[in-house]
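The values are calculated or read from the model by the stated rules, or taken from the named source; none is laboratory data. The structure presented is a predicted model; accordingly, all values stated were derived computationally and were not measured. Cβ sites come from the backbone with ideal geometry, for glycine too, and all protein chains shown count toward neighbours.
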Amino acid sequence: MDKLTQEIVEEWIKETSGTFTKRDIWEELDIGSSANKDNLRKILQRLRESKLIAYVNGRHGTYRLLDTELEQMSLTRANPKNVLPIKWPFELERYVKIFRKNVAVLFGSKDAGKTSFILNLMRNNMGRFPIRYLNTDMGEEELRVRVERFEDTTIEQWDKNVEMYEKSIILPEHINPNAINIVDFLEIHDEFYKIGKPIRDWAAMLNDGILVVAVQKNPGAELPLGKGRSLEKAKLAVNLDPGKITLVVAKNWQEGITSSPKGKMWSYKLIGGAKIVNIVEEYG
């Protein structure tokens with residue numbers, strides 16, 4: 001490149017995503033001369049002073065494009081009666097309201113019934129809402145075995161009414177902004193304190209839809225992996241143990257509920273890893 005200009009640098013920055021370094025710009029724009037490299041340093045300084053870019057976590061040389069676009073909320077336009085009539089297992093909708101853009105988290109130890117809860121949630125809402133199932137744990141054959149245990153639905157109904165995908169890594173762009181999005185499950189093996197980030201990133205993609213995320217917990221634990229970080233965005237959260245479910249987050253109480261439903265428990269029996277029977281409310 002003969003002469004590097006601020007216009008060229010700005011155009012490159014606006015076309016990139018995530019973070020970038022000076023070296024990224026050098027390589028992609030083929031900046032070889034020391035004069036252009038020195039000019040780039042001055043251009044980046046001006047862009048930082050003009051609030052177009054910022055250092056990432058205070059690290060010199062690593063930048064991000066600042067997001068200055070804001071959409072003002074309108075309480076006049078908002079209708080608090082626009083509650084999504086989602087049919088939850090255990091009739092949780094009797095206690096908790098769910099609005100668009102909300103996040104629900106269900107957590108449990110291995111084989112506690114997380115996928116069974118999710119399959120029943122999808123079955124209850126097929127044909128009522130668009131549903132996207134993002135599955136990290138099962139192939140087509142295993143999933144078909146599970147859903148065939150529901151005697152009141154057919155395989156054709158599942159294929160027609162639920163978008164089902166097998167993905168080992170779920171990215172924000174995989175979220176359907178206007179659907180019930182279900183992530184089964186969020187896998188994390190270390191640095192558990194970071195578990196809230198993918199949930200926040202997925203939730204940021206929502207418009208009229210919601211996000212339901214399944215998370216692992218250690219046997220006997222009262223909180224999921226990542227502890228409170230997993231629940232930061234949750235408006236609804238349930239703790240699953242074999243044969244027992246506990247409501248642990250209930251942000252928006254249903255009409256007529258005068259005391260917190262948090263702590264309500266139900267016992268149940270699971271048949272074939274799918275059907276939930278013999279439900280008994282034990283508290284509240």
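Scan region 136-187 residue by residue and report those that are over 18 Å from the mean Cα position of the chain (by Cα) and of a type in the set (Lys, Arg). Explain how you work it out, then say what you get.
Start the filter on region 136-187 by keeping residues that are over 18 Å from the mean Cα position of the chain (by Cα), which leaves 138-161.
Arg144, Arg146, Arg149, Lys160, listed by residue number.
Which one is surrounded by the most Cβ atoms within 10 Å (Cβ to Cβ), of the residues in region 99-146 that are among the basic types (Lys, Arg), out of contact with any Ser or Thr (no Cβ under 9 Å at 6 or more places or on another chain) and in contact (Cβ under 8 Å) with a residue 24 or more places away in the chain?
If we filter region 99-146 for residues that are among the basic types (Lys, Arg), which is where we start, we get 100-101, 110, 114, 123, 128, 132, 144, 146.
Pick out the ones that are also out of contact with any Ser or Thr (no Cβ under 9 Å at 6 or more places or on another chain) and you get 100-101, 110, 114, 128, 132, 144.
Add one more test, that the residue is in contact (Cβ under 8 Å) with a residue 24 or more places away in the chain, and what stays is 100-101, 110, 114, 128, 132.
Values: Arg100: 14, Lys101: 17, Lys110: 10, Lys114: 22, Arg128: 13, Arg132: 20.
Looking at residues that are among the basic types (Lys, Arg), out of contact with any Ser or Thr (no Cβ under 9 Å at 6 or more places or on another chain) and in contact (Cβ under 8 Å) with a residue 24 or more places away in the chain, I get Lys114.
So, in region 157-183, how many residues would count as being touching a strand residue (DSSP E or B) at 6+ places or on another chain (Cβ under 8 Å) and either of a type in the set (A, V, I, L, M, F, W, C) or touching a residue at least 60 places away in the same chain (Cβ under 8 Å) (or both)? If you could, list the steps in order and put the result at the bottom.
The first filter runs over region 157-183 and keeps only residues touching a strand residue (DSSP E or B) at 6+ places or on another chain (Cβ under 8 Å), leaving 157-158, 161-167, 170, 174-176, 179-183.
So of that shortlist, the ones also either of a type in the set (A, V, I, L, M, F, W, C) or touching a residue at least 60 places away in the same chain (Cβ under 8 Å) (or both) come out as 158, 162, 164, 170, 175, 179-180, 182-183.
Residues meeting the conditions: 9.
Say we look at region 27-61 and pick out the residues that are touching a helix residue (DSSP H, G or I) at 6+ places or on another chain (Cβ under 9 Å) and in a strand (DSSP E or B); which of these is surrounded by the most Cβ atoms within 10 Å (Cβ to Cβ)?
Ile53
Considering region 217-232 alone, what residues qualify as being out of contact with any Gly (no Cβ under 7 Å at 6 or more places or on another chain), more than 14 Å from Leu247 (Cα to Cα) and buried (at least 17 other Cβ atoms within 10 Å of the Cβ)?
Pass one, region 217-232, residues out of contact with any Gly (no Cβ under 7 Å at 6 or more places or on another chain): 218-225, 227-228, 231.
Keeping just the survivors that are more than 14 Å from Leu247 (Cα to Cα) gives 218-221, 225, 227-228.
Within region 217-232, Leu225 is the sole residue that qualifies.
Results for (1) closer than 14 Å to Ile86 by Cβ; (2) not in a helix (DSSP H, G or I), shown as yes or no for each residue.
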| residue | (1), (2) |
| --- | --- |
| Ser116 | no, no |
| Leu119 | no, no |
| Asn124 | yes, no |
| Tyr133 | no, yes |
| Asp137 | no, yes |
| Arg144 | no, no |
| Phe150 | no, yes |
| Glu163 | no, yes |
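For the condition in a loop (DSSP other than H, G, I, E, B) and under 17 Å from Val213 (Cβ atoms), what is the one hit in Lys110, Lys81?
Testing whether each residue is in a loop (DSSP other than H, G, I, E, B) and under 17 Å from Val213 (Cβ atoms) leaves just Lys110.
Is it the case that region 75-98 has a residue that's in contact with a Ser or Thr (Cβ under 7 Å, 6 or more places away or on another chain), within 30 Å of Gly256 (Cα to Cα), assigned by TED's automatic domain parsing to the domain that holds Gly256 and buried (at least 18 other Cβ atoms within 10 Å of the Cβ)? Give the steps one after another, and end with the answer.
In the first step, residues of region 75-98 are kept if they are in contact with a Ser or Thr (Cβ under 7 Å, 6 or more places away or on another chain); the result is none.
Scanning region 75-98 turns up no residue that is in contact with a Ser or Thr (Cβ under 7 Å, 6 or more places away or on another chain), within 30 Å of Gly256 (Cα to Cα), assigned by TED's automatic domain parsing to the domain that holds Gly256 and buried (at least 18 other Cβ atoms within 10 Å of the Cβ).
Kindly establish whether Asp190 is in a loop (DSSP other than H, G, I, E, B), free of Cβ contacts under 8 Å to residues at least 24 places away in the same chain and within 20 Å of the chain's Cα centre (by Cα).
Values: in a loop (DSSP other than H, G, I, E, B): yes; free of Cβ contacts under 8 Å to residues at least 24 places away in the same chain: yes; within 20 Å of the chain's Cα centre (by Cα): yes.
Yes; evaluated as a whole, the condition is true for this residue.
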